[in-house]
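The values are calculated or read from the model by the stated rules, or taken from the named source; none is laboratory data. No experiment lies behind these values; they were computed from the predicted model shown. Cβ placement follows ideal geometry from the backbone for every residue including glycine, while neighbour counts extend to all protein chains displayed.
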């Protein structure tokens, strides 16, 4: 008769974070906070630098993808659609580098169109479910979203900076969460 059945098996020890992971999480959080603060500060030159930086990153990524496609022997069998993976980001990156303010406004208009369409859908959901409880919430939410979409399209330059400020606030909150998580992980190690 074996006594293995009476042994208590403890669960395996698991690490909550890889070695050095808390420092990386902390650094990530701090960098997100700094980027968020950079976006929240209402400076036109700072926002232009950010858009141009994004343009540089897109161009670098496009060149890297293009080089990998060129070096790959299999990619030469692809049609022109495969090359669009590097051509389109490169063109967008150049546009961001040359016209940062106009690019920012174009982003605001794009967001405005998406928000407007979403508001129309939410309003339609609210109106189509009038016999169900809570339909008023969908209707009001849809109407507010429609108004926000119209605002983004009507006041492009102001809306673009509002988008950057909201993105900055989001990055600050994500960074603070990352720093908090890193502190928690360090306490438990």
Problem - Extreme residue, farthest from residue 105 (Cα to Cα), among residues of region 123-138 that are at pLDDT below 90 and surrounded by 17 or more Cβ atoms within 10 Å (Cβ to Cβ) - result: 126
Completion exercise
Expected single match for assigned by TED's automatic domain parsing to the domain that holds residue 44 and within 30 Å of residue 51 (Cα to Cα) among 87, 169, 165, 117 is 87
Problem - Selected residue (only one of 150, 169 is assigned to a helix (DSSP H, G or I) and under 16 Å from the mean Cα position of the chain (by Cα)) - result: 169
Practice task
Quickly run through region 88-119 and pick out the residues that are under 20 Å from residue 144 (Cα atoms) and surrounded by 14 or more Cβ atoms within 10 Å (Cβ to Cβ).
Solution key: 108, 109, 111, 112, 115, 116, 118, 119
